[in-house]
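Just below is one structure, and these are the notes that go with it.
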Amino acid sequence: MLEVAKQAVEAAKRGGADYADARVVTAETESLTVRNQEMEGVDRSTSEGIGIRVLVNGYWGFAATARLEDADIARTAEQAVAIAKAASRLPREPVELSAVEPAVATWHGPMQEDPFTVSIEEKVALLMEASRRMQLVKGVAFAESSLDFWRDRVRFASSEGAAIDQTTVHSGGGIEATTVGEGELQRRSFPNSFRGHVAAAGWEHIARLGLLEEAERTATEAVELLQAKECPSEVTKLVIDSGQVELQIHESIGHAVELDRVLGMEESYAGSSFVRPDDRGKLRYASDLVSIMADATLKGGLGTFAYDHEGVPAQRVPIIVDGLFQDFISSRETAPVIGQTSSGAMRADGWQALPLIRMTNVSIEPREGTLAEIIGDTKDGIFMSTNSSWSIDDHRVNFQFGCEIAWRIKDGRLTEMYRNPNYTGITTEFWGSCDAVGGREDWMLWGTPNCGKGQPSQTARVGHGAAPARFRDVRVGVR
Amino acid sequence: MPGPIGPDEVRGVVRPALELPGVDGVEVLFMHEWGGLTRFADSAIHQSTWSEDTGLRVRVVKGGRIGVAATNDFSGDGARKAAETAREIAEVVAPDPEFPGLAPPAPVAERADAYDEATAATSPEHRAEAVAALVAQCSDGFRASGAFETMAVEVGLANSEGQFCFAPSTQASLTTVINGGEGGNGFAEVFDARVDQIDPEAVGRRAAGKARDGQNPRDLDPGTYRVVLEPSAVSTLAGFLAYMGFGGRMILEGRSCFTAKEGQSVAAPSISIYDDATAPGTLGIPFDFEGVPRRRVDLIVDGVFRGGVYDMRTAKQAGKGSTGHALPPPNPEGPFPLNLFMEPGDATLEEMIAATDRGVLVTRFHYSNIVHQVESTITGMTRDGTFLIEDGEVKYPVKNFRFTQSILEALQNTAMVGRDTELASEFFFSASRVPALAIERFTFTGRSDH
């Protein structure tokens with residue numbers, strides 16, 4: 001199939017492209033859901049096709065098809081060129097690509113046991129048992145367990161001579177207990193919400209999750225939440241667990257430092273960013289405890305690869321160092337606009353989609369202490385765990401997050417449980433108020449498998465390493 | 001470039017799947033999508049794409065057990081292999097005691113106006129010209145961004161019970177945000193089945209006008225205000241009601257804001273909401289993803305909740321008939337309304353503003369999400385044109401607010417309903433045809449810096 005990609009590149013060049021690249025992608029997915037020990041669905045999908053991207057006189061064109069016969073590839077390449085030519089109807093500064101050494105490489109993401117070879121029976125048995133254990137807890141209305149697997153093989157060729165064959169496997173699983181009361185619905189999930197914890201790994205990741213071991217506690221907390229008080233409305237110290245820090249990073253840092261957003265390329269859909277190119281080295285983004293890295297080389301992350309979808313090698317990029325904003329994540333097109341080379345962050349959602357700047361593994365660097373020690377060091381505050389809801393404005397400034405569960409921290413101990421907790425803030429004020437970041441012991445490389453961006457809309461799987469953290473003067477219990 | 005496939009070829013391709021031996025039933029959902037999207041930013045085209053894909057999603061039933069497999073190999077061999085994979089799955093999973101069977105043969109109404117050849121074949125040059133016409137509406141110092149998409153879809157459903165339905169359709173949509181000057185944004189969008197109904201100059205004029213009016217937005221304290229919501233903002237309320245409330249499964253399971261409220265008043269008497277994929281004014285297909293004909297379903301009539309939407313499985317559980325609202329299998333979320341309408345009233349937008357002593361005019365909401373599902377409470381931001389109304393007039397633009405608000409409470413407090421409706425999108429959901437609303441009390445809980 002790498003030859004097919006090369007064939008497409010040649011066709012595009014013959015059609016008039018100054019630059020061309022092509023990706024032949026074979027994507028496999030498997031998804032299983034059990035609810036109350038009944039099958040909600042088992043689904044296997046395969047998709048294969050080619051996306052051809054061209055530059056003609058500095059204007060982009062892109063066309064994609066599932067038809068891989070010679071004539072179809074030639075026709076699709078011609079269509080990409082025609083699209084690029086049409087784009088010149090509105091003059092703009094011609095695109096210039098940052099330099100990259102054309103790579104010829106084959107890479108497989110690390111995996112011990114191929115999840116697609118594990119029998120459906122074994123998977124269903126695990127999910128049934130997890131569901132059963134949750135249902136043993138009286139009061140649970142819905143006991144859901146799920147597994148998801150993805151395998152993507154991407155063959156990339158460019159007119160500069162790159163020829164890269166990469167395969168990634170992502171595996172995830174989770175459990176969720178739901179309780180329903182009078183006008184009230186509570187959920188508790190493990191290891192994370194929205195179908196659990198996804199990693200760049202094989203079946204061995206599922207075996208390590210501990211879905212069975214945590215089923216009873218998860219269900220018990222869901223039951224207890226129904227009787228808990230509403231989270232009070234106040235301004236307080238807030239401790240959030242690593243799963244919530246993950247999404248806080250994702251929404252208020254990761255998206256904000258995508259250079260295409262900063263340059264207005266996503267303006268009309270998901271919005272832009274408050275961060276400006278000349279903020280590098282100047283903007284006080286967070287307290288000096290906060291350092292953020294975008295690291296595509298991190299083992300096990302959903303944003304881990306050898307080369308991005310422009311053939312740029314994976315990199316480790318400092319985003320925030322000791323609270324000071326340092327750099328963006330970028331592409332071959334956007335980086336030269338600010339005098340840089342690409343950070344290697346371009347990925348596409350399948351063969352049908354144009355690569356966009358996507359987060360790699362955007363992670364907070366661990367500092368010191370466990371979650372228990374951070375709570376123990378807090379005289380009065382609120383501890384929230386596990387994201388349930390997120391919202392942020394079109395410049396990534398004003399945010400509001402909901403969590404599944406919270407407790408009052410009193411004199412270093414968790415006391416009263418609260419339901420429906422949420423908090424709100426302004427990005428730089430919030431991160432500037434960070435006065436504790438946990439250490440390596442409770443640092444976790446989470447996966448966010450549902451990151452939306454672009455038109456037509458694309459979904460990316462990205463990674464976030466996160467530790468529990470504490471913030472001062474946070475408004476909680478927004479109603 | 002490739003065009004329609006048509007029902008005859010689809011029948012031939014899916015036949016090997018339908019003839020799969022050793023099973024009790026087979027259903028094949030066919031989808032073929034093709035089209036282009038011209039995306040622009042800073043008043044120039046920066047991302048422009050075209051794609052075509054064909055998918056087969058096969059559901060196999062064996063002894064009450066269900067397996068689903070999908071492929072984009074649109075061939076008889078591809079269909080057969082997907083069916084075999086689905087059979088392998090069905091042979092090892094647990095039975096579904098609620099499985100209602102596959103859809104029986106039933107006639108499906110045709111929507112002759114749903115497919116427009118010119119829209120399906122729109123060239124990138126045509127889209128670029130339209131974007132240029134839109135961009136030309138920007139004054140000096142302003143710039144436009146957005147997307148112009150023209151696409152065609154063929155959906156077909158065949159099952160071993162003998163049901164076969166097929167529907168081609170097209171869609172053209174143009175959306176833009178114009179900004180510049182001293183910090184004002186404007187937004188406009190339009191959808192239609194026919195590309196010749198898209199007027200890019202009108203879309204550009206509307207967004208440019210908003211951007212000009214939105215210059216130098218001022219701070220306004222958050223709090224509870226009377227609001228006038230333009231249709232794009234109302235579509236967020238409608239979309240989240242669909243997501244949190246109208247689905248039959250959620251209602252049955254007590255997870256909906258409408259659970260146990262059938263026959264009860266849930267909104268002001270001026271509010272009526274229905275779903276109808278077959279009506280003019282929406283972009284729908286006349287059958288659902290298990291082959292049941294779609295029909296109009298009255299959800300809220302004169303403020304009273306009448307009932308939700310159902311697929312075959314939830315209809316069986318509820319002791320009702322399917323309303324034709326199944327999503328593609330497997331679908332743990334249950335049925336969903338994709339073509340909502342809110343009945344218009346008799347007020348113009350100007351009359352709603354004139355009737356407001358002090359309030360906020362909202363163009364649209366952004367990135368909303370659930371706060372409390374059963375209370376229908378969501379949070380989100382205003383975007384692209386938020387204005388203070390005083391003494392019946394729009395006074396000045398204000399910086400964007402965060403709202404945290406129960407949708408049903410807002411609908412209960414609706415004072416006026418607009419006479420004109422628009423097909424308006426929501427960030428996460430399909431478009432709804434809705435009017436503007438004037439709502440007496442709407443809670444803004446925070447604000448941003450722009």
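Write out, first by first residue and then by second, each pair whose Cβ atoms fall under 7 Å of each other, whose residues are 6+ apart or on separate chains, and whose first residue, in region A:257-273, is within 10 Å of chain B (Cβ to nearest Cβ) and assigned to a helix (DSSP H, G or I) while the second is open to solvent by less than 10 Å² (accessible area, probe 1.4 Å) and β-branched (Val, Ile, Thr).
Note: pairs meeting the criteria are A:Asp260/A:Thr334; A:Asp260/A:Ile357.
For region A:461-474, state whether one or more residues are basic (Lys, Arg) and surrounded by fewer than 19 Cβ atoms within 10 Å (Cβ to Cβ). Even if it seems obvious, please write down each step before you answer.
The initial filter retains those residues of region A:461-474 that are basic (Lys, Arg), namely A:461, A:470, A:472.
Subsequent filtering for residues that are surrounded by fewer than 19 Cβ atoms within 10 Å (Cβ to Cβ) retains A:472.
Yes - at least one qualifying residue is present in region A:461-474.
Only residues in region A:286-297 that are free of Cβ contacts under 8 Å to residues at least 60 places away in the same chain count as the first member; pair them with residues that are open to solvent by 10 Å² or more (accessible area, probe 1.4 Å), Cβ under 6 angstrom, at least 6 apart or cross-chain, and list the lot.
From region A:286-297, the pairs are A:Asp288/A:Asp322; A:Thr297/A:Ala314; A:Thr297/A:Arg316.
Let me spell it out: the conditions are (1) within 11 Å of chain A (Cβ to nearest Cβ); (2) open to solvent by less than 40 Å² (accessible area, probe 1.4 Å); (3) among the acidic types (Asp, Glu); (4) in contact with a Ser or Thr (Cβ under 8 Å, 6 or more places away or on another chain), and B:Asp116 meets all of them except one. Which number is the exception?
(1)
Is it the case that some residue within region A:293-314 is in a strand (DSSP E or B) and aliphatic (A, V, I, L, M)?
First, the residues of region A:293-314 that are in a strand (DSSP E or B): A:293-295, A:307, A:313.
Then keep just the ones that are aliphatic (A, V, I, L, M); that gives A:293-294.
Yes: one or more hits.
Out of (1) surrounded by fewer than 19 Cβ atoms within 10 Å (Cβ to Cβ); (2) part of a helix (DSSP H, G or I), what's the single condition that is false for A:Thr106?
A:Thr106 satisfies all of (1) surrounded by fewer than 19 Cβ atoms within 10 Å (Cβ to Cβ); (2) part of a helix (DSSP H, G or I) except (2).
Which pairs have Cβ atoms under 6 Å, sit 6 or more apart or on different chains, and link a residue in region B:132-150 that is within 11 Å of another protein chain (Cβ to nearest Cβ) to one that is open to solvent by 10 Å² or more (accessible area, probe 1.4 Å) and of a type in the set (Lys, Arg)?
Every condition considered, the pairs that remain are B:Ala132/A:Arg89.
Take A:Ile73 and tell me if it is within 8 Å of chain B (Cβ to nearest Cβ), touching a helix residue (DSSP H, G or I) at 6+ places or on another chain (Cβ under 8 Å) and not hydroxyl-bearing (Ser, Thr, Tyr).
Details: within 8 Å of chain B (Cβ to nearest Cβ): no; touching a helix residue (DSSP H, G or I) at 6+ places or on another chain (Cβ under 8 Å): yes; not hydroxyl-bearing (Ser, Thr, Tyr): yes.
Here the answer is no, as A:Ile73 does not meet what is asked.
For region A:468-475, check the following and say yes or no: at least one residue is assigned to a strand (DSSP E or B), under 21 Å from the mean Cα position of the chain (by Cα) and not assigned by TED's automatic domain parsing to the domain that holds A:Thr29. Show your work before the answer.
To start, the set of residues in region A:468-475 that are assigned to a strand (DSSP E or B) comprises A:469-475.
Then drop every residue that is not under 21 Å from the mean Cα position of the chain (by Cα), which leaves A:469.
So of that shortlist, the ones also not assigned by TED's automatic domain parsing to the domain that holds A:Thr29 come out as A:469.
Checked region A:468-475: at least one residue is assigned to a strand (DSSP E or B), under 21 Å from the mean Cα position of the chain (by Cα) and not assigned by TED's automatic domain parsing to the domain that holds A:Thr29.
Across region B:9-49, which residue is most open to solvent (accessible area, probe 1.4 Å) among those that are more than 14 Å from every other protein chain (Cβ to nearest Cβ) and small (Gly, Ala, Ser)?
Here the answer is B:Gly22.
List the number of the failed condition for B:Thr54; all other conditions in (1) part of a helix (DSSP H, G or I); (2) crowded, with 19+ Cβ neighbours inside 10 Å hold.
(1)
Mind checking which residues of region A:399-420 are closer than 29 Å to A:Glu258 by Cβ and either more than 8 Å from chain B (Cβ to nearest Cβ) or touching a helix residue (DSSP H, G or I) at 6+ places or on another chain (Cβ under 8 Å) (or both)?
Restricting attention to region A:399-420, the residues satisfying the condition of being closer than 29 Å to A:Glu258 by Cβ are A:399-404.
A:Phe399, A:Phe401, A:Cys403, A:Glu404, listed by residue number.
Do any residues in region B:359-373 that are within 12 Å of chain A (Cβ to nearest Cβ) have Cβ atoms under 6 Å from those of residues that are open to solvent by less than 10 Å² (accessible area, probe 1.4 Å) and at pLDDT below 95, where the two are at least six apart or on different chains, and which pairs are they?
From residues that are within 12 Å of chain A (Cβ to nearest Cβ), the pairs are B:Gln373/B:Met244.
Every residue in region A:80-101 that is open to solvent by less than 50 Å² (accessible area, probe 1.4 Å) and either within 25 Å of A:Ala157 (Cβ to Cβ) or more than 10 Å from chain B (Cβ to nearest Cβ) (or both), please.
To start, the set of residues in region A:80-101 that are open to solvent by less than 50 Å² (accessible area, probe 1.4 Å) comprises A:80-84, A:86-87, A:90, A:95, A:97-98, A:100.
Selection gives A:Ala80, A:Val81, A:Ala82, A:Ile83, A:Ala84, A:Ala86, A:Ala87, A:Val95, A:Leu97, A:Ser98, A:Val100.
Name the single residue that is farthest from the other protein chains (Cβ to nearest Cβ) among those in region A:347-366 being of a type outside the set (A, V, I, L, M) and touching a Gly at 6+ places or on another chain (Cβ under 6 Å). Give the derivation first.
To start, the set of residues in region A:347-366 that are of a type outside the set (A, V, I, L, M) comprises A:347, A:349-352, A:355, A:358, A:360-361, A:363, A:365-366.
Add one more test, that the residue is touching a Gly at 6+ places or on another chain (Cβ under 6 Å), and what stays is A:351, A:360-361, A:363, A:366.
Numbers: A:Trp351: 9, A:Thr360: 21, A:Asn361: 23, A:Ser363: 23, A:Pro366: 29 Å.
Step by step, filter region A:347-366, then rank; the result is A:Pro366.
As an exercise: evaluate A:Lys123 against (1) open to solvent by 20 Å² or more (accessible area, probe 1.4 Å); (2) more than 7 Å from every other protein chain (Cβ to nearest Cβ); (3) within 28 Å of B:Val58 (Cβ to Cβ) and give the number of the one condition it does not meet.
(1)
Take the residues in region A:415-436 that are touching a residue at least 12 places away in the same chain (Cβ under 8 Å), more than 23 Å from A:Ile364 (Cα to Cα) and in a strand (DSSP E or B); name whichever of them is least open to solvent (accessible area, probe 1.4 Å).
Among them, the one singled out is A:Tyr418.
Select from region B:154-166 the residues that are under 15 Å from B:Glu110 (Cβ atoms) and open to solvent by 10 Å² or more (accessible area, probe 1.4 Å) and write down the one among them that is farthest from the other protein chains (Cβ to nearest Cβ). Steps first, answer last, please.
Within region B:154-166, the subset under 15 Å from B:Glu110 (Cβ atoms) is B:154-157, B:164-166.
Now restrict to residues that are open to solvent by 10 Å² or more (accessible area, probe 1.4 Å): B:164, B:166.
On the way: B:Phe164: 23, B:Phe166: 20 Å.
Out of the qualifying residues, it is B:Phe164.
Any chance region A:403-414 includes a residue that's surrounded by fewer than 24 Cβ atoms within 10 Å (Cβ to Cβ), touching a Phe, Trp or Tyr at 6+ places or on another chain (Cβ under 6 Å) and farther than 30 Å from B:Gly183 by Cβ?
In the first step, residues of region A:403-414 are kept if they are surrounded by fewer than 24 Cβ atoms within 10 Å (Cβ to Cβ); the result is A:407-408, A:410-414.
Next cut, touching a Phe, Trp or Tyr at 6+ places or on another chain (Cβ under 6 Å) only: A:407, A:414.
Those left that are additionally farther than 30 Å from B:Gly183 by Cβ: A:407, A:414.
Yes - at least one qualifying residue is present in region A:403-414.
Residues that are open to solvent by 10 Å² or more (accessible area, probe 1.4 Å) and out of contact with any helix residue (DSSP H, G or I) (no Cβ under 6 Å at 6 or more places or on another chain): find the strands (runs of 3 or more DSSP E) completely inside region B:170-284 holding 2 or more of those.
Numbers: elements: B:184-192, B:223-229, B:273-275.
The strands (runs of 3 or more DSSP E) meeting that bar are B:184-192, B:223-229.
Considering only region B:75-96, I want to know if a residue exists there that is of a type outside the set (Gly, Ala, Ser), under 28 Å from the mean Cα position of the chain (by Cα) and either facing another protein chain (nearest Cβ under 7 Å) or under 25 Å from B:Phe164 (Cα atoms) (or both).
Within region B:75-96, the first condition is being of a type outside the set (Gly, Ala, Ser), and the residues that meet it are B:77, B:80-81, B:84-85, B:87-89, B:91-93, B:95-96.
Right, trim to under 28 Å from the mean Cα position of the chain (by Cα) and you get none.
Checked against the condition, which is being of a type outside the set (Gly, Ala, Ser), under 28 Å from the mean Cα position of the chain (by Cα) and either facing another protein chain (nearest Cβ under 7 Å) or under 25 Å from B:Phe164 (Cα atoms) (or both), region B:75-96 yields no hits at all.
Being outside the structural domain of B:Asp96 (by TED's automatic domain parsing), over 30 Å from A:Gly181 (Cβ atoms) and modelled with pLDDT of 95 or more narrows it down to one of B:Ala326, B:Ala355, B:Ala410, so name that one.
Details: B:Ala326 fails: over 30 Å from A:Gly181 (Cβ atoms); B:Ala410 fails: over 30 Å from A:Gly181 (Cβ atoms).
That would be B:Ala355, the only listed residue that is outside the structural domain of B:Asp96 (by TED's automatic domain parsing), over 30 Å from A:Gly181 (Cβ atoms) and modelled with pLDDT of 95 or more.
State all residues of region A:1-20 that are within 22 Å of A:Ser47 (Cβ to Cβ) and open to solvent by 90 Å² or more (accessible area, probe 1.4 Å); if no residue qualifies, say none.
Residue satisfying the conditions is A:Glu3 alone.
Given (1) more than 8 Å from chain A (Cβ to nearest Cβ); (2) open to solvent by 30 Å² or more (accessible area, probe 1.4 Å), where does B:Arg65 come up short, assuming only one miss?
(1)
Show me the strands (runs of 3 or more DSSP E) found entirely inside region A:128-241 where at least 1 residues are open to solvent by 20 Å² or more (accessible area, probe 1.4 Å).
Values: elements: A:142-158, A:163-181, A:184-190, A:197-199, A:234-240.
By residue number, A:142-158, A:163-181, A:184-190, A:234-240.
The values are calculated or read from the model by the stated rules, or taken from the named source; none is laboratory data. This is a predicted model, so every value here is computed, not measured. Cβ atoms come from the backbone with ideal geometry, glycine included; neighbour counts cover every protein chain shown. For accessibility, only protein heavy atoms count, side chains too; no ligands or nucleic acids. Shrake-Rupley method; radii C 1.70, N 1.55, O 1.52, S 1.80 Å.
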